[in-house]
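Below is one structure, written out as structure tokens; the observations come after it.
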């Protein structure tokens, strides 16, 4: 093949059409990049706002949710000796929207465990 046979002349408007498609593709790629960065920014700001506005832990009665949940077994068994700690735990469970349901679930689990025959056999 000769150089003249490999290359054919372009039809009228073919190069300008190719340039237009190239510009459109570049514009779309830039738009996708900007949109992606904007979406990530909005997600980050929304998550940060939710983190500060709606904390995952509360402090009622002078103790945090984590401390209160840790004391739940002793509280249900009435084994907390310090009256101030017992009062703090009680106040926390009464006021906290996260821990109150947890306490009720824990009490139900303890009640269910006491009704199971395996509980008494394993204790021997």
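Each value in this text was obtained by applying a stated rule to the coordinates, not by laboratory testing. Computed from a prediction, not measured in an experiment: that's the story for all the values here. We place every Cβ from the backbone using ideal geometry, glycine too, and count neighbours over all the protein chains shown.
Over the Cα atoms of segment 13-54, the radius of gyration divided by the Kirkwood radius equals 1.44; this is the Rg/Rh ratio.
Among 80, 63, sorting on how many other beta-carbon atoms sit within 10 Å of each Cβ, with the fewest leading, yields 80, 63. The listed peptides 87-93, 68-74, 38-44, ordered by packing as a protection proxy, come out as 87-93, 68-74, 38-44 (highest mean of other Cβ atoms within 10 Å first).
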